[in-house]
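S.K.: Quick one: this structure, given as structure tokens, is what I'll be asking you about.
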């Protein structure tokens, strides 16, 4: 099994130093160039400033790469041939030696393989709207139920059906905690109004909860909902209106499957004159700070 691990990440793992995994989908499919590269590097810098080692994960020429270099991130952000890769796509992307940007699910897979326990993302996938007709449910939810990582996010992507997503997570036995909040974060805005399983007020509490899962051999991870800071949040009315328009256009164009999320996110940026992109960048940086704090607490245990 071929994997490339950067010397910095490998050294950190060997010496029980805090490491935080980062996805590469946001670079290739989540934002336009050059904001994608600038944001990816800024997230890494934020993690370093808060005392942990970043490990951006992607597939380069068929090789899973844990701890991408600045040059590799820059190349990823410019390329047009980087595929969006979930669990089902891994065999042929690796076999054909292609470039792959990893989703939440696949980032979790490779982070777990090398022993990284904390992963920071923007928002996780979930149950799509009208899933009772389309059966469109993200593989991220299944991965959260099986792979032992703490996943820090700003909630489930606002373009999805949050209530159904929480129901599926409950069925799968995934612990969903709110960081200093009783409610699920709403991605671009702080509060969805939907209750999470438990409010946890410190990085230490979250790290301890993960240790308990491991000690009792309980499968799966912990999803940490970290609300965007109020002063960086988007206007909820504007966002909700943009989402409705974007979903309608997506349906009219018959866009389905893994193309849905990139289309919707791009369209919402257009409809909000870039306000959603500003919020997206802010929430990821906010998550990076918390992820680094949890990673530092976890290695102490």
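The values are calculated or read from the model by the stated rules, or taken from the named source; none is laboratory data. Since this is a predicted model, take the numbers as computed values, not measurements. In this analysis, Cβ positions are derived from the backbone assuming ideal geometry, glycine residues included, and neighbour counts consider all displayed protein chains.
S.K.: Suppose we filter region 1-24 for residues that are surrounded by fewer than 23 Cβ atoms within 10 Å (Cβ to Cβ), at pLDDT 95 or above and in a loop (DSSP other than H, G, I, E, B); how many remain?
M.R.: 5
S.K.: Taking residue 176 and the conditions (1) under 25 Å from residue 130 (Cα atoms); (2) in a helix (DSSP H, G or I), which numbered condition does it fall short on, given that it satisfies the others?
M.R.: (2)
S.K.: Could you run through region 110-137 and say how many residues are in contact with a strand residue (DSSP E or B) (Cβ under 8 Å, 6 or more places away or on another chain), in a helix (DSSP H, G or I) and either crowded, with 18+ Cβ neighbours inside 10 Å or at positive phi (or both)?
M.R.: Number of matching residues: 3.
To keep it simple, each residue is scored yes or no on (1) within 23 Å of residue 118 (Cβ to Cβ); (2) buried (at least 17 other Cβ atoms within 10 Å of the Cβ); (3) at pLDDT 95 or above; (4) touching a helix residue (DSSP H, G or I) at 6+ places or on another chain (Cβ under 6 Å).
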residue	(1), (2), (3), (4)
162	no, yes, yes, no
176	yes, yes, yes, yes
183	yes, yes, yes, no
186	yes, yes, yes, no
193	no, no, yes, no
200	yes, yes, yes, yes
203	yes, yes, yes, yes
226	yes, yes, yes, yes
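S.K.: Any idea which of (1) more than 12 Å from the chain's Cα centre (by Cα); (2) farther than 25 Å from residue 296 by Cα is the one residue 141 doesn't satisfy?
M.R.: Of the numbered conditions (1) more than 12 Å from the chain's Cα centre (by Cα); (2) farther than 25 Å from residue 296 by Cα, the odd one out for residue 141 is (1).
S.K.: Step by step: first the residues of region 55-71, then only those that are touching a strand residue (DSSP E or B) at 6+ places or on another chain (Cβ under 6 Å) and either surrounded by fewer than 18 Cβ atoms within 10 Å (Cβ to Cβ) or without any contact (Cβ under 8 Å) to a residue 40 or more places away in the chain (or both), then the one that is nearest to residue 291 (Cα to Cα). Which residue is that?
M.R.: Taking the candidates together, the pick is 56.
S.K.: Mind listing whichever residues of region 90-105 are touching a helix residue (DSSP H, G or I) at 6+ places or on another chain (Cβ under 6 Å) and either assigned to a helix (DSSP H, G or I) or under 19 Å from residue 52 (Cα atoms) (or both)?
M.R.: If the condition is that a residue be touching a helix residue (DSSP H, G or I) at 6+ places or on another chain (Cβ under 6 Å) and either assigned to a helix (DSSP H, G or I) or under 19 Å from residue 52 (Cα atoms) (or both), then 104, 105 are the ones that fit.
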